[in-house]
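Heads up, the thing below is written out as structure tokens.
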């Protein structure tokens, strides 16, 4: 193997290493987002709960509130017997 060939091989290896490192970083970030899904959502859900009686809402907010209620019913129906 000549020096030039060896240098080319090293560059190719470095490029592959960087690609794999970038891919692993993306996967780690996705894991972080998934890991904290409930932590990030619970405060917003509590805020929505505290404002369920609000009357000055746009039609979009009213529809979103109805959707939220349906989702909450599904959660209670599917997971309401879990204590913890």
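Tabulated values for the structure
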| quantity | calculated |
| --- | --- |
| Angle in degrees between helix 3-35 and the longest Cα principal axis of the chain, rounded to the nearest 10 | 10 |
| Cα-Cα separations in segment 36-84 greater than 11 Å, expressed as whole percent | 74 |
| The chain: angle of helix 59-79 to the longest principal axis, Cα-based, in degrees nearest 10 | 80 |
| Cα-based helix-to-principal-axis angle, 37-50 vs the chain, degrees rounded to 10 | 20 |
| Coarse-grained scattering of the chain at q = 0.26 Å⁻¹, given as base-10 log I(q)/I(0) from a Debye sum over alpha-carbon atoms | -1.22 |
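Taken together, the values in this text are just the output of simple stated rules run on the coordinates, not laboratory data. On a predicted model such as this, the values are computed, not experimentally measured, just so you know.
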